[in-house]
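Asks: Dropping a structure here in structure tokens format, bear with me for questions.
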Amino acid sequence: MFTHKYQQENKWKKWGRKFVSFFLVGTLISFTMAACTGIKSNANSQKDVELTLVSFAVTKQAHAAIIPKFVEKWQKEHNQKVVFNQSYGGSGSQTRAVIDGLEADIVHLALAADTAKIEKAGLIDKGWEQEFPNESIVSKSVAALVTREGNPKGIKDWADLGKDGVSLITADPKTSGVARWNFLALWNAEFKKGGSDAKAEEALVKVFRNVPILTKDAREATDAFFKQGQGDVLINYENEVVLASQKGQKVSYVIPDVNVSIDNPIAVVDKNAAKHGTKEVAEAFVQFLYTPEAQIEFAKLGFRPVEQSVAQEKQFVDLYPKVKELATVKDFGGWDEINKKFFADGAAFDKIQSKIKR
């Protein structure tokens, strides 16, 4: 009886020890699996994300200053590194590249008409203008007339560009968004002075007769004027002039009182962002561009800020004088009407070029 009882107790003790062992092993396995799962989840949250930004040439310096600030902010808030692929060039050329397969997540272009072309290609959702503040205009400028030191040709206004003996440097409206703005600024001034399309066209024939070569984009126009010494006067963005001054160049320039508001839109390329899984971070970057922190960087590098708190800072009020008569795209009837009237094949720009003997 005693022996049997002892054997039974010993049997239960051995079973108990096995149960504890199995329990401990099971717990260890569960803990290990949980730990592995946690490590995997944490690794995923730290995985780099790549964004491709496609923009027009003259924004390069501004984005170079802004992008590191966003990368730092996103890393701090999301424990994730954002790597930017960047492409800069003429707005028209960049637009065609995106439509032809350059998989941009974000496009920052010189004019809304170019963004609309990408929309029509099915890459950007309709209504993109309402996705972000200020109708998705994130940077802006006006047209400037840059002259040689001392302004030896006496350039004061648009009308002076058509005078005999004046050599003008500007980009080609067929490839450059900046050049389209230049053309609109010229047309607007001459139309208001002459009172008709015929008078404006006549005046612009004289102006473009003084253009020895139309460059591909604004950057090439700037290089031709400053680095190669071509021309007596350059039409360019005010921001390019400010940037050149900051780099130590002595720049003489005039901001005409009759001018045009050069508005540059930004948009997420929805189809590509969905494909890349980058929509959240792409939208966050675009929103960041509207913050005072980013707008200050735009303003430092020559762009008139769209954020009013920044625009009202004394350093920028002094830097960017008010323009008396500032036309907008809406004054011309919108980009569809503008392109049809001025830049389509056989439209005003082509007619002007056909009248010029080179």
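The values are calculated or read from the model by the stated rules, or taken from the named source; none is laboratory data. Nothing here was measured: the structure is a model prediction, and the numbers come from that model. So basically every Cβ, Gly included, is an ideal-geometry build from the backbone, and we count neighbours across all protein chains shown. With ligands, DNA and RNA removed, areas are computed over all heavy atoms of the protein, side chains included. Shrake-Rupley method; radii C 1.70, N 1.55, O 1.52, S 1.80 Å.
Asks: Could you list, in sequence order, all residues of the stretch 103-145 that are within 18 Å of Gly92 (Cα to Cα), among the acidic types (Asp, Glu) and part of a helix (DSSP H, G or I)?
Replies: Hits for the stretch 103-145 are Asp114, Glu119.
Asks: Six or more apart or on different chains, Cβ atoms under 6 Å: show the pairs whose first residue is in the stretch 93-107 and closer than 15 Å to Gly122 by Cβ and whose second is open to solvent by 10 Å² or more (accessible area, probe 1.4 Å) and in a loop (DSSP other than H, G, I, E, B).
Replies: So the pair list comes out as Ile99/Ala121.
Asks: Look at the stretch 322-358 and say how many of its residues are under 24 Å from the mean Cα position of the chain (by Cα) and open to solvent by 60 Å² or more (accessible area, probe 1.4 Å).
Replies: 6
Asks: Can I ask one more? Does the stretch 298-321 hold any residues that are closer than 19 Å to Ser55 by Cα and either under 13 Å from the mean Cα position of the chain (by Cα) or among the aliphatic types (A, V, I, L, M) (or both), and which are they?
Replies: Within the stretch 298-321, Phe298, Ala299, Leu301, Phe303, Val306 meet the criteria.
Asks: Out of the stretch 114-157, which residues are in contact (Cβ under 8 Å) with a residue 12 or more places away in the chain, open to solvent by 30 Å² or more (accessible area, probe 1.4 Å) and farther than 20 Å from Glu283 by Cβ?
Replies: Lys117, Ala121, Lys140, Arg148, Glu149, Gly150, Asn151, Pro152, Lys153, Lys156, Asp157
Asks: Enumerate the helices (runs of 4 or more DSSP H) found wholly within the stretch 180-253, keeping only those where 1 or more residues are open to solvent by 10 Å² or more (accessible area, probe 1.4 Å) and at pLDDT 95 or above.
Replies: 197-208
Asks: Being within 18 Å of Thr175 (Cα to Cα) and acidic (Asp, Glu) is the filter here, so list the residues in the stretch 325-336 that pass it.
Replies: The one that is within 18 Å of Thr175 (Cα to Cα) and acidic (Asp, Glu): Asp336.
Asks: Can I ask one more? Count, please, the residues in the stretch 155-179 that happen to be among the small types (Gly, Ala, Ser), more than 26 Å from Gly89 (Cα to Cα) and at pLDDT below 95.
Replies: Qualifying residue count, the stretch 155-179: 1.
Asks: Name the single residue that is surrounded by the most Cβ atoms within 10 Å (Cβ to Cβ) among those in the stretch 55-91 being under 22 Å from Ala121 (Cβ atoms) and in contact with a helix residue (DSSP H, G or I) (Cβ under 6 Å, 6 or more places away or on another chain).
Replies: Ser91
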